[in-house]
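K.L.:
Structure incoming, see below.
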Amino acid sequence: MPGAGRFCRTPLEYSRSLRSLTVRESVSRCSNFAAVPPERPTVPACPRARALDDWKSLLTAPASQKTADGPLKEPDAGGGLDRGVLVVAGVVVLGAIMSILDVTVVNVAINDLAKEFNTSLATIQWVATGYTLALATVIPITGWASARFGTKRLYMASIGLFVIGSTLAGLAWSAESLIFFRVLQGLGGGMIMPAAMTIMTQAAGPQRVGQVMSIVGVPMLLGPILGPIIGGYLVDDVSWRWIFFINLPIGIVALVLAGRVLKRDEPKPAERLDLIGLLLLSPGLASLIYGVAKGAEERDFMQTQPLVFTVVGAALVIGFVFRALSAQNPLIDLRLLRRRSVAAASGTMVMFITAFMGAMLLLPLYYQTVRGEGAMAAGLLLAPQGLGAMVTMPIGGKLTDRIGPGRVVLFGLVVVVLSVAGFAAVLGADTSYWVLGSVLFVMGLGMGMTMMPTMAAAIQTLVHDEVPRASTMLNIIQQVSASIGTAGMSVLLANRLTSELGGGEIGSTQKPPPEVMAKIAGPMADAFQHTYLYAVGLIALAFIPALLLPRRRPDTTAASTVDAPMPMH
């Protein structure tokens, strides 16, 4: 029969089928035709209109429900990140990379700034130190501010303050004004990263935290690599002022996108600030970080100034610990450390960041002092490490969400320990850049499987309201560990250089003559080699807390119980 075996599609087919089919057959076979009346055929929407409607629904739906097919789809446990979350990720990463990049960009320009303002290196160094201390001062209040004012408002206010500080720093007329504006910049920059972590974690949900952390890790990864390259180009070929002005267009774009894309969260006006905790922790962290940095600069932590600042800072931080464990609404809820997953992740972060980040921050110094490279070339030579991490970060994030962070982190630590040991073994005054780059690439592979999965382990079992304070705590751990690691490795390197060379200033702006450099390059390379061996031992200690990390995918039902233990094998 005509039309048998298929449905009618058009009014013409419908009329033809009536000639050869009974009324009963035509009704049964063309029952779906009622959805499209013959007199009003459906006209497909144009692609541009469909795309516009798709973006409207994407921007108005909650971030956790936005998908590539539109809003209102529940996230698949352990699945990939949908388009809505990726849009949110793009917005927060744009702001975060701006603040992190600024640290390394400015470090390249220190010598030029000293010449510009006709001041000493000791004075102009406060351009970097003031920014770091401002970060340490403001990070502790981020968790409270997120709850009190809303994370979206806090994120946008932080970017706004950072952009204002950047603009004023670019207009600075003296060293003192530049230092002041850098402190203002740091007050804004210190809250960007914790707020970004909170926004991303709450948007994606606890079962996709691993993938979220792999995205949040992009600024941490690219900052130390791109900073010297961008900073070197701007200082050499444009103007030192543009290392600050460059933040203006980026910040404006980030603000506009944040206002349009990020979901507004409801603030909690009843949330009270733990003022006593703030007065203990903020100056305590600032004093501790300054004392450690000053001790590294003096190469002696027993000097009066670094010793006093370090002891006072440590005492204030210890005082805060007692306060946080007894207060009803502490500035940072240290009781989260009672959970094995949070405590194990925090311990792993302390050991890994102290050793690895401290040692890796010495890499540019090796390329510049031993190999005679410039800041831009040193940045390019660090690129293989970043490329390696970019390969494994998304893989590590997905594996963390599927099998739990424990196995992922342990595998990453094995790769890092072996690669750092290999780097120390081949490091020399004339080692091929291809060899060093290959080892750095493998090192990056391990880092991508270690750092962000560890942070994910600390957040996976937290409920919605606990995330801001946990993000703040993790950022404080990261900031303090990196400062201690950098200072400690610098002192170890300085002491080794002294024993190898018999004295001499390290980090001098004057480059030795070629004939002198030829004699001291070997001993200097040996000093770096021994320093990295210390790093190998410290990273190996991170295996101890890492063994306690959860080895199953997160159970979101356990997250509602404050002290629920993580399932372990």
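The values are calculated or read from the model by the stated rules, or taken from the named source; none is laboratory data. These numbers were taken from a predicted model, which means no experiment stands behind them. When we count neighbours, we look across all protein chains shown, and the Cβ atoms used for this are built from the backbone with ideal geometry, even at glycine.
K.L.:
Can you name the number of the only condition in (1) under 30 Å from residue 149 (Cβ atoms); (2) at pLDDT below 80; (3) among the small types (Gly, Ala, Ser) that residue 286 fails?
P.N.:
(2)
K.L.:
So which residues in the range 517-547 are of a type in the set (A, V, I, L, M) and over 25 Å from residue 406 (Cα atoms)?
P.N.:
Passing the criteria: 517, 518, 520, 521, 524, 525, 527, 533.
K.L.:
If you don't mind, another one. So is residue 304 more than 23 Å from residue 471 (Cβ to Cβ) and out of contact with any helix residue (DSSP H, G or I) (no Cβ under 9 Å at 6 or more places or on another chain) or not?
P.N.:
So residue 304 fits the description; yes.
K.L.:
Restricting to the range 289-321, give me the number of residues that are among the aromatic types (Phe, Trp, Tyr), at pLDDT below 85 and in a helix (DSSP H, G or I).
P.N.:
Here is the first cut: in the range 289-321, the ones among the aromatic types (Phe, Trp, Tyr) are 290, 301, 309, 320.
Subset that is at pLDDT below 85: 290, 301.
Checking which are in a helix (DSSP H, G or I) leaves us with 290.
Of the residues in that region, 1 qualify.
K.L.:
May I ask you to list the residues in the range 325-344 that are small (Gly, Ala, Ser) and over 14 Å from residue 460 (Cβ atoms)?
P.N.:
Passing the criteria: 326, 327.
K.L.:
Hey, residue 395 hits all of (1) modelled with pLDDT under 80; (2) surrounded by fewer than 19 Cβ atoms within 10 Å (Cβ to Cβ) but one; which does it fall short on?
P.N.:
Going through the list (1) modelled with pLDDT under 80; (2) surrounded by fewer than 19 Cβ atoms within 10 Å (Cβ to Cβ), residue 395 breaks only (1).
The rows are residues; the columns are (1) closer than 21 Å to residue 281 by Cα; (2) touching a residue at least 60 places away in the same chain (Cβ under 8 Å); (3) out of contact with any helix residue (DSSP H, G or I) (no Cβ under 9 Å at 6 or more places or on another chain).
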{"residue": "119", "(1), (2), (3)": "no, no, no"}
{"residue": "134", "(1), (2), (3)": "yes, no, no"}
{"residue": "137", "(1), (2), (3)": "yes, yes, no"}
{"residue": "143", "(1), (2), (3)": "yes, yes, no"}
{"residue": "147", "(1), (2), (3)": "yes, yes, no"}
{"residue": "152", "(1), (2), (3)": "no, yes, no"}
{"residue": "157", "(1), (2), (3)": "no, no, no"}
{"residue": "165", "(1), (2), (3)": "no, no, no"}
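K.L.:
Another one. If I filter the range 420-432 for residues that are assigned to a helix (DSSP H, G or I) and of a type in the set (S, T, N, Q), do I get at least one hit?
P.N.:
no
K.L.:
Sticking with this structure for a sec: Please specify each residue of the range 165-178 satisfying the condition of being under 25 Å from the mean Cα position of the chain (by Cα) and surrounded by fewer than 24 Cβ atoms within 10 Å (Cβ to Cβ).
P.N.:
Of everything in the range 165-178, just one residue is under 25 Å from the mean Cα position of the chain (by Cα) and surrounded by fewer than 24 Cβ atoms within 10 Å (Cβ to Cβ), namely 167.
K.L.:
Is it the case that the range 347-361 has a residue that's without any contact (Cβ under 8 Å) to a residue 12 or more places away in the chain and either within 30 Å of residue 457 (Cβ to Cβ) or surrounded by fewer than 18 Cβ atoms within 10 Å (Cβ to Cβ) (or both)?
P.N.:
no
K.L.:
Do we find that residue 129 is surrounded by fewer than 23 Cβ atoms within 10 Å (Cβ to Cβ) and either more than 19 Å from the chain's Cα centre (by Cα) or in a helix (DSSP H, G or I) (or both) in this structure? I'd like the intermediate steps shown before the answer.
P.N.:
Values: surrounded by fewer than 23 Cβ atoms within 10 Å (Cβ to Cβ): yes; either more than 19 Å from the chain's Cα centre (by Cα) or in a helix (DSSP H, G or I) (or both): yes.
Taking the combined requirement at face value, the residue satisfies it.
K.L.:
Which ones in the range 322-334 are in a helix (DSSP H, G or I) and loosely packed, with under 14 Cβ neighbours inside 10 Å?
P.N.:
322, 325, 326, listed by residue number.
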